[in-house]
Amino acid sequence: MKKCKYCQSEIDSKAKVCPNCKKKQGPHIVRWVILGVIVLGLVACVMGGNEEEEKESKRQKDFTQSEIATYKDVEYSITNVEKTQGTNQFVKPKDGYEYVKVTLKIENKSDKKISYNALDWQMVNADGQEDAWGTYTADDDVTLSSGELDAGGKVEGVLVWEQKKGDNNLRLRYYDNVFDDGYTIQFKLD
C-alpha cells in the first residue's frame, strides 16, 4: 500500500490512478519541468559569466597619451601633460623631483549617471612604484575632484603627482574597482 500523492488516501502500491480522486500517480511532471528550468538557468549563468570574462580579457587596456580610452560608454582622455617646478614660492617639489600635471577629461557617453573620483587614478613611475594622486595643484589649475556626471555630461580637471625629474616611463592608471587585481585603463605618458 501507498498514499495517493494528491488526496493522501491509502491505495494499492501498483495503482497508476487513485480510485478516490482519479489522479495519475506517476512522477510529477511539473517538478521535472521546474527542475529542468533551474538547471538550464544555472548553466546559462555560468556560461554567460565566462563570456563576460572573455570579453573583458580582450578589451583594450593600454593607450598612448593621445588616444581616447572608452570603458562602459565613458570616454577618458588626456588633454595636457606638463612637467613643472610649479609657480608657488612656498610649495615646491623636493630636490631631484618635479610636478607632473595631467589634465584629464571624462565624458559620459552612456545613458545613465556615473560617478568619478580623482582617487581612482594612480601614477606609476619607471621603478614600478604606484602612487595615489597626492598634490592638489602645482599652480592655479582646476583640480579634478569627485562627483557625478549625468548622461552626456563631461568634466575636465588637473591631477598632480610629484615624480623624479626626467622619468620618461610614467604611466597613468585608472581603477574602476579597487578590489580588482589589475587596472582598468592605462595611459603611457609622453
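The values are calculated or read from the model by the stated rules, or taken from the named source; none is laboratory data. No experiment lies behind these values; they were computed from the predicted model shown. Positions of Cβ are generated from backbone atoms using ideal geometry, with glycine treated the same way; all protein chains shown enter the neighbour counts.
Within region 86-115, restricting attention to residues that are of a type in the set (Asp, Glu) and assigned to a loop (DSSP other than H, G, I, E, B), the residue that is nearest to Gly166 (Cα to Cα) is Asp95.
For region 154-177, the tally of residues that are over 22 Å from Asn88 (Cβ atoms), in a loop (DSSP other than H, G, I, E, B), touching an Asp or Glu at 6+ places or on another chain (Cβ under 8 Å) and not hydroxyl-bearing (Ser, Thr, Tyr) stands at 1. Among the numbered criteria (1) part of a strand (DSSP E or B); (2) surrounded by fewer than 18 Cβ atoms within 10 Å (Cβ to Cβ); (3) at pLDDT below 95, which one does Thr79 miss? Result: Thr79 fails condition (3) only. Within region 92-136, the residues that satisfy the criterion of being in contact (Cβ under 8 Å) with a residue 40 or more places away in the chain and of a type in the set (A, V, I, L, M) are Val100, Val102, Leu104, Ile106, Ile114, Ala118, Met123, Val124, Ala126.
Among the residues of region 58-76, those that are exposed (fewer than 14 other Cβ atoms within 10 Å of the Cβ), more than 17 Å from the chain's Cα centre (by Cα) and either part of a loop (DSSP other than H, G, I, E, B) or in contact (Cβ under 8 Å) with a residue 40 or more places away in the chain (or both) comprise Thr64, Ser66.
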